[in-house]
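Below is one structure; the comments refer to it alone.
Every read-out reported here was derived from the displayed coordinates using simple, explicitly stated rules and does not represent laboratory data. Keep in mind that what you see is a predicted model, and the values were worked out from it rather than measured. No Cβ is skipped: glycine too gets one built from the backbone with ideal geometry, and neighbour counts run over all protein chains shown.
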Amino acid sequence: MADLIAFYSRRGQNYFDGEIKEVKKGNTEIVAEKLQEMTGAEVFQIKQLVEYSDNYKICAEEAERDFNNNARPELDEYLQEPEKYDTIYLAYPNYCNTMPMVVFTFLEEYGFEGKTIKPICTNGGSGLGTSVRDIKKLCPNSTVTKGLSIDSSEIEKAEDLLKEWLEK
């Protein structure tokens with residue numbers, strides 16, 4: 001059995017410490033890369049078929065609309081052989097106090113019955129929100145561990161936070 005890092009991340013304009021900045025790589029992607037270096041797990045990027053705008057304000061409106069409509073954006077690509085993974089590190093940013101709706105789509109698509117899901121949420125100070133509870137609801141036959149919250153101001157020390165979390 002293998003481990004998988006499934007992550008959703010956003011490039012373009014992002015919000016950091018009160019400012020909107022343009023980034024070529026989102027915080028969650030940076031965290032996923034560090035985690036992959038530490039664990040050797042396979043990596044799968046969760047992407048929606050119709051991506052949100054690169055403009056931060058428009059993206060926030062689109063994400064909120066999807067959240068309010070309980071939408072399930074279609075996946076751009078599907079995970080091959082999900083049965084071969086026993087542990088899924090699930091990394092995502094906090095959108096609307098939970099996960100992006102495409103992560104809901106991903107979890108509902110696979111269910112991960114009998115698997116262990118380890119949540120990692122990047123955020124601008126809002127923590128894990130309701131995401132761990134939502135994962136447990138979406139994957140009732142999985143073991144969902146305590147999640148790790150990584151604030152955007154802590155991305156540079158994400159490796160230390162990941163190491164500490166992995167050791168628990």
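In terms of its C-alpha gyration tensor, segment 1-91 comes out oblate, because a/c is 1.5 or above while a/b does not outweigh b/c.
Please list, by residue number, every one of the GluC sites (Glu not before Pro) in segment 16-102 that is coil in DSSP and has at most 16 other beta-carbon atoms within 10 Å.
For GluC sites (Glu not before Pro) across segment 16-102 that sit outside H, G, I, E and B with at most 16 neighbouring Cβ atoms in 10 Å, the list reads GLU51, GLU74, GLU77.
Residue-wise HN-Hα couplings along segment 45-62, as the Karplus relation 6.51 cos²θ - 1.76 cosθ + 1.60 with θ = phi - 60° gives them from phi, are 8, 7, 10, 8, 4, 9, 6, 5, 4, 6, 6, 4, 5, 5, 4, 4, 5, 5 Hz; Gly and Pro carry x.
How far, in nm, would the chain grow between LYS84 and ASN69 when pulled straight, counting 0.36 nm per residue and subtracting the alpha carbon separation? Display every interim value, and only then the final one.
Working: separation 15, 0.36 × 15 = 5.40 nm, distance 3.31 nm.
Roughly 2.1 nm would be gained on extension.
Of all DSSP beta bridges in segment 2-167, what percent run antiparallel (nearest 5)? Bridges in segment 2-167 are about 25 percent antiparallel. Charged neighbours of THR87, selected by a Cβ distance under 12 Å, balance to 0 (K, R count +1; D, E count -1). Counting charges near GLU62 (Lys, Arg +1; Asp, Glu -1) among other residues having Cβ under 12 Å from its Cβ returns a value of -2.
Name the residue, out of ASN27, ASN141, ASN123, whose mean-square fluctuation peaks in a Gaussian network model built on the chain with Cα pairs under 10 Å. Highest fluctuation among the options: ASN141. Site pair ASP17 and GLU61 shows an inter-label distance of 2.9 nm when each label is modelled 7 Å from Cα along Cα→Cβ.
Provide VAL50, VAL31 in ascending order of the number of other Cβ atoms located within 10 Å of each residue's Cβ, fewest first.
On the way: VAL50 9, VAL31 28.
Going from least to most buried by this count: VAL50, VAL31.
Of all DSSP bridge pairs formed entirely within segment 1-73, close to 55 percent run antiparallel. Loop-located chymotrypsin sites (Phe, Trp or Tyr not before Pro) in segment 1-94 (DSSP state not H, G, I, E or B) with no more than 16 neighbouring Cβ atoms inside 10 Å: TYR78.
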